[in-house]
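Below is one structure; the comments refer to it alone.
The values are calculated or read from the model by the stated rules, or taken from the named source; none is laboratory data. What you are looking at is a predicted structure, and each value in this text was computed from that prediction instead of being measured. Note that we place each Cβ from the backbone using ideal geometry, even for glycine, and neighbour counts take in every protein chain shown. Calculation scope for accessible area: heavy atoms of the full protein, side chains included, ligands and nucleic acids excluded. Shrake-Rupley method; radii C 1.70, N 1.55, O 1.52, S 1.80 Å.
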Amino acid sequence: MTSWNFEEINANLSQESSQINNAADLEAFRIKYLGRKGLVSEIYAGLGSASKEEKPLIGKNANDLKNKIQAIVDDKKDSFQAKSQGEKAKESIDVTMPGVNTPLGQAHILSQTMNEICAIFEQLGFAIFEGPEIETEFNNFTALNIPADHPSRDAFDTFYLDTKDPSNKERNLLLRSHTSPAQIRAMQNNKPPLAVIVPGKVYRPDAVDASHSFMFHQIEGLLVDEKVTLSELKGLLTVFCQKLFGKNIKMRFRPHFFPFTEPSAEVDISCYICKGKGCSVCGRKGWLEILGCGMVHPKVFEAVKYPKNKYTGLAFGMGVERIAMLKHGINDIRLFFENDKRFLKQFK
Ligand code: DAH
């Protein structure tokens with residue numbers, strides 16, 4: 001009979017198993033030991049010819065050997081599988097990972113403020129009307145009853161273009177210094193009753209500082225019909241201020257002068273910061289000026305060739321930057337135009 005040196009077999013086994021590097025190596029190893037013609041089968045097959053005394057010992061050693069080999073095979077198989085799964089996972093996409101965040105844009109705080117103001121007047125029945133930023137001297141001044149020698153016509157206060165006005169070859173075109181010339185266009189193109197709100201850019205040759213900019217935004221309002229009254233102007237602007245600044249806002253109409261309205265007034269609201277007590281923002285007065293207004297001057301109706309004494313109208317104009325600054329406690333107009341995202345993203 002063949003005698004088996006189990007000690008040597010075990011030693012070889014350890015040595016060989018340490019050299020198994022892949023699934024093919026493992027299969028060759030398995031066949032060599034556990035296959036139908038493998039070593040373990042061979043040992044079992046030889047049992048019949050073993051002596052009575054040897055048989056149990058060989059049997060036990062053969063069983064131990066078989067279990068040990070099976071354990072090696074199982075163990076290696078597991079580790080190969082885990083490895084290949086790990087590699088697969090590396091290649092594939094993990095759909096449970098959080099995505100890359102693409103920040104959503106937002107409207108600029110000035111656009112937001114203009115939209116908010118326009119929406120209030122739209123709810124009250126006003127239509128949005130837009131005029132051009134390049135205007136004639138007639139629309140920007142003359143038709144608005146601004147005298148020929150008024151200082152605001154000076155080149156120090158208005159940007160004049162090199163281009164001549166095609167409708168008046170004596171005059172140059174200009175960048176509108178307020179949104180009021182759009183009133184003239186609205187009236188020339190529409191018959192009363194009419195109610196328009198005009199948002200837009202205006203230009204003045206001011207040196208830039210915390211409260212001045214050579215370009216800023218205004219919103220103009222105009223309502224013309226047969227019997228528009230001053231009390232309607234007051235009522236309208238009161239509703240507007242309450243919607244924009246809250247129900248508890250206090251207001252006052254202070255007499256003022258504008259060439260294109262008579263009577264004219266400026267509207268103040270109780271200081272948003274100190275609630276009227278007096279602080280540095282309102283100059284200790286407790287009031288903040290937010291807009292100019294009045295009843296359309298008959299000379300303006302004359303300039304747009306409306307029939308005499310037929311219509312009355314109310315008009316108002318406000319600075320958008322100023323209102324946004326008051327509402328949000330912004331202390332420098334330049335912040336609006338620097339486009340620093342740290343500033344802009346505060347106004348979501
Ligand atoms: N245009 C004026 C300005 O730029 C604002 C203004 C005041 C507009 C009174 C009006 C008004 O329509 O009635 O300061």
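Worth pointing out:
- Residues in region 245-278 that are open to solvent by less than 20 Å² (accessible area, probe 1.4 Å) and hydroxyl-bearing (S, T, Y): T261, S264, S270.
- Residue list for region 123-153, restricted to those being surrounded by 14 or more Cβ atoms within 10 Å (Cβ to Cβ), at pLDDT 95 or above and part of a helix (DSSP H, G or I): E137, F138, N139, N140, T142, A143, L144
- Condition check for N168: polar (S, T, N, Q), in contact with a helix residue (DSSP H, G or I) (Cβ under 8 Å, 6 or more places away or on another chain) and farther than 30 Å from I330 by Cα: yes
- Pairs with Cβ under 8 Å, 6+ apart, first in region 96-118 and in contact (Cβ under 8 Å) with a residue 40 or more places away in the chain, second open to solvent by 100 Å² or more (accessible area, probe 1.4 Å): Q106/K345; Q106/K348
- Subset of region 202-234 that is among the acidic types (D, E) and not in a loop (DSSP other than H, G, I, E, B) - its residue that is nearest to the ligand (Cβ to nearest atom): E220
For every residue, the table says whether it meets (1) of a type outside the set (A, V, I, L, M, F, W, C); (2) part of a helix (DSSP H, G or I); (3) under 25 Å from A82 (Cα atoms).
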site: A11; (1), (2), (3): no, yes, no
site: Q15; (1), (2), (3): yes, yes, yes
site: D25; (1), (2), (3): yes, yes, yes
site: A28; (1), (2), (3): no, yes, yes
site: Y33; (1), (2), (3): yes, yes, yes
site: R36; (1), (2), (3): yes, no, no
site: V40; (1), (2), (3): no, yes, no
site: I43; (1), (2), (3): no, yes, no
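Every residue, every condition in (1) β-branched (V, I, T); (2) within 16 Å of the ligand (Cβ to nearest atom), yes or no:
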| residue | (1), (2) |
| --- | --- |
| A155 | no, no |
| E170 | no, no |
| S177 | no, yes |
| S180 | no, yes |
| R185 | no, yes |
| V196 | yes, yes |
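- Matching residues, region 43-66, being of a type in the set (D, E) and modelled with pLDDT under 90: E53, E54
- Filtered residues of region 63-107 (kept if among the β-branched types (V, I, T) and part of a loop (DSSP other than H, G, I, E, B)): I93, V95, T96, V100, T102
- Matching entry among V296, V239 (being near the ligand (Cβ under 10 Å from one of its atoms) and either closer than 16 Å to L194 by Cα or touching a residue at least 24 places away in the same chain (Cβ under 8 Å) (or both)): V296
- In region 1-41, the qualifying residues are those that are loosely packed, with under 14 Cβ neighbours inside 10 Å and over 20 Å from D74 (Cβ atoms), and the one that is nearest to the chain's Cα centre (by Cα) is A11.
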